[in-house]
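J.: Attaching a single structure in structure tokens format; questions to follow.
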Amino acid sequence: MDTVKSLNKWANRHTYIPIDLIRIALGAFLFYKGLTFMGNTQVLIDLLKPFQSLAGNVIIIHYVAPAHLIGGLLIIFGLLTRWSIIAQLPIIIGAVIINFGAEANSSELAISVIVLILSILFLIYGSGKRSADYYFKMQK
């Protein structure tokens, strides 16, 4: 707990508007991907060919899209950012693995790696000073 508090204090002292904009863009991208997966589940099923069992597909489909939708919104507003990113990490790591091992194009791999790097950055950095977390903390 002390580590999280020290990271929050450091992040609040070193907060910049471009970092907040990057956090918002990351959340918006994840939200967009969630909408894309909900609108076209066949793409997600095709990506998950290694998991052929029906139960595996159903569980993954019902986890990926809602996690991206809800997590993306929370990241945009800076509310429970670290928890949202922790929920996103298995999906993003899976995307990197699928795009690295499959015949997917290199741009999808690059996007997955960039999202993974940004997610790890915000897992460490937190939501910053211009966020709902900071606002609610200051209301106490």
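J.: Out of (1) among the hydrophobic types (A, V, I, L, M, F, W, C); (2) surrounded by fewer than 19 Cβ atoms within 10 Å (Cβ to Cβ); (3) in a helix (DSSP H, G or I); (4) at pLDDT below 90, the odd one out for residue 29 is which?
T.: Evaluating residue 29 over (1) among the hydrophobic types (A, V, I, L, M, F, W, C); (2) surrounded by fewer than 19 Cβ atoms within 10 Å (Cβ to Cβ); (3) in a helix (DSSP H, G or I); (4) at pLDDT below 90 leaves (4) as the failure.
J.: Cβ-Cβ under 9 Å, sequence separation 6+ or interchain: first residue in the stretch 115-130 and polar (S, T, N, Q), partner part of a loop (DSSP other than H, G, I, E, B) and surrounded by fewer than 20 Cβ atoms within 10 Å (Cβ to Cβ). Which pairs?
T.: The qualifying pairs are 127/79; 127/80.
J.: Residue 112 - would you say it is small (Gly, Ala, Ser), modelled with pLDDT of 90 or more and over 10 Å from the mean Cα position of the chain (by Cα)?
T.: yes
J.: Out of the residues in the stretch 117-140 that are among the hydroxyl-bearing types (Ser, Thr, Tyr) and outside any helix (DSSP H, G or I), state the one that is farthest from residue 77 (Cα to Cα).
T.: Looking only at the stretch 117-140, we keep the residues that are among the hydroxyl-bearing types (Ser, Thr, Tyr), and these are 119, 125, 127, 131, 134-135.
Now restrict to residues that are outside any helix (DSSP H, G or I): 127, 131.
Working: 127: 9, 131: 6 Å.
Checking each candidate, the answer is 127.
J.: Might you check whether a residue that is at pLDDT below 75, among the hydrophobic types (A, V, I, L, M, F, W, C) and either in a helix (DSSP H, G or I) or touching a strand residue (DSSP E or B) at 6+ places or on another chain (Cβ under 9 Å) (or both) occurs anywhere in the stretch 11-20?
T.: So far as the stretch 11-20 goes, yes, one or more of its residues are at pLDDT below 75, among the hydrophobic types (A, V, I, L, M, F, W, C) and either in a helix (DSSP H, G or I) or touching a strand residue (DSSP E or B) at 6+ places or on another chain (Cβ under 9 Å) (or both).
J.: Whether any residue in the stretch 90-113 is in a helix (DSSP H, G or I) and closer than 24 Å to residue 3 by Cα is what I want to check.
T.: Within the stretch 90-113 (the criterion being in a helix (DSSP H, G or I) and closer than 24 Å to residue 3 by Cα), the answer is yes, since at least one residue qualifies.
J.: Examine the stretch 53-66 for a residue that is at pLDDT 90 or above, of a type in the set (A, V, I, L, M) and within 21 Å of residue 28 (Cβ to Cβ), and state whether such a residue exists.
T.: No, that holds for no residue.
The values are calculated or read from the model by the stated rules, or taken from the named source; none is laboratory data. Values in this document were obtained by computation on a predicted structure and should not be read as measured data. FYI the Cβ positions are ideal-geometry reconstructions off the backbone, even for glycines, and counts take in every protein chain you see.
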